[in-house]
Amino acid sequence: MPDAHYDDPVLAALYDVQCGWSEDRDFYLALAGTPPQDVLDLGCGTGLLCNAYAAEGHRVTGLDPSPGMLDVARRSPRGAEIEWILGTAETARPGKTFDLIIMTGHAFQVLLEDADIAGTLAFIREHLKPGGRAVFESRNPAIDWVKDWDGHTETIDLHGVPVGYSVHVLDRTADRMTFEQRYAFPDRTLPSLSTLRFASRAEIEALIAAAGLVADPLQGDWQGGLFDPEISEEMIFTVRIS
Ligand SMILES: C[S@@+](CC[C@H](N)C(=O)[O-])C[C@H]1O[C@@H](n2cnc3c(N)ncnc32)[C@H](O)[C@@H]1O
């Protein structure tokens, strides 16, 4: 099930203002080889990265289960050149294979159950070209994310309209966090409830192996540094067909 957050057209429109271009996107953009490569963005959201790959001459497919996000993506500058698919990895059948499959913006963490992760990895296994690779990241569960997120507030400038944003963590178990995000517009407040999974490296690596994939050395930051379990915020997985 898509997170309801991304189904709200107002919040989908706000997404690019709040989550604009960032160093993780530079990292992902640099992964594609000489164009044209076939690139699939799983959980593409509003298609920021899809647009950047298309601008470099790649053949791009963006897949997302949220109609609100895909509506924004379709209207993006290179939206007409990109193939958009409404669905998840477990339901969609693109009918082609890819040189590069990415899942960015911690979209991997919306996969709450092992079966969801296994289904997504099986899709990746089935849709990679020989020699292709898939890259995705999940936050390191050893980091104190509650301390970072709970009570965070900021004001987002939505084209001149101030929108108050706050985060409240409601529940944290061994591998999940449920939190509410509040968006205070001048005339109304939109709350949004989300749950993310913080799977361990071992759990994810076991599911990668079970899917018939092999992983490169785990990276821990967007500069290509290797994962350090104590301090790395990110676990960046690169997987290939074994
Ligand atoms: C935090 S956004 C990331 C969007 C984009 N990848 C980025 O980096 O900006 C998470 C996205 O994952 C999508 N999503 C939710 N469930 C999904 C699933 N099962 N498979 C793929 N994407 C999913 C949401 O609709 C949303 O667009």
(message) Can you pull out every residue in segment 78-126 that is open to solvent by 10 Å² or more (accessible area, probe 1.4 Å), over 14 Å from LEU207 (Cβ atoms) and in contact with a Phe, Trp or Tyr (Cβ under 6 Å, 6 or more places away or on another chain)?
(response) THR104
(message) I'd like to know if segment 64-71 contains one or more residues that are among the small types (Gly, Ala, Ser), at negative phi and within 11 Å of the ligand (Cβ to nearest atom).
(response) yes
(request) Please indicate, with yes or no, whether at least one residue in segment 159-166 is among the β-branched types (Val, Ile, Thr) and within 25 Å of MET103 (Cα to Cα). (result) no
(request) Among residues belonging to segment 186-203 that are among the hydrophobic types (A, V, I, L, M, F, W, C) and exposed (fewer than 15 other Cβ atoms within 10 Å of the Cβ), point out the one that is nearest to GLY105 (Cα to Cα). (result) LEU193
(request) Six or more apart or on different chains, Cβ under 7 Å: which pairs go from a residue in segment 61-77 that's assigned to a helix (DSSP H, G or I) to one that's crowded, with 23+ Cβ neighbours inside 10 Å and among the charged types (D, E, K, R)? Could you list them? (result) LEU70/ASP64
(message) Against the definition (open to solvent by 20 Å² or more (accessible area, probe 1.4 Å), within 13 Å of the ligand (Cβ to nearest atom), within 27 Å of GLY224 (Cβ to Cβ) and modelled with pLDDT of 95 or more), how does ASP41 come out, yes or no?
(response) no
(message) Cβ-Cβ distance below 8 Å, separation of 6 or more or different chains: which pairs start in segment 93-109 with a residue that is aromatic (Phe, Trp, Tyr) and end on one that is within 8 Å of the ligand (Cβ to nearest atom)?
(response) PHE108/GLY43; PHE108/THR120
(message) Given the condition closer than 22 Å to LEU100 by Cβ and open to solvent by 50 Å² or more (accessible area, probe 1.4 Å), answer yes or no: does some residue in segment 57-71 qualify?
(response) yes
(message) Out of GLY212, GLY220, I need the residue that is among the small types (Gly, Ala, Ser) and over 18 Å from GLN109 (Cα atoms). Which one?
(response) GLY212
(request) State whether the residues of segment 217-224 include one that is closer than 19 Å to ARG125 by Cα and without any contact (Cβ under 8 Å) to a residue 40 or more places away in the chain. (result) yes
(request) Please state which one of GLY131, GLY164, GLY151 is away from the ligand (no atom under 16 Å from the Cβ), assigned to a loop (DSSP other than H, G, I, E, B) and either under 18 Å from the mean Cα position of the chain (by Cα) or surrounded by fewer than 16 Cβ atoms within 10 Å (Cβ to Cβ) (or both). (result) GLY151
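The values are calculated or read from the model by the stated rules, or taken from the named source; none is laboratory data. What you are looking at is a predicted structure, and each value in this text was computed from that prediction instead of being measured. Using ideal geometry, Cβ is built from the backbone for each residue, glycine included, and neighbour counts are taken over all protein chains shown. To get the accessible areas, we keep the full protein, side chains included, count just its heavy atoms, and leave off ligands, DNA and RNA. Shrake-Rupley method; radii C 1.70, N 1.55, O 1.52, S 1.80 Å.
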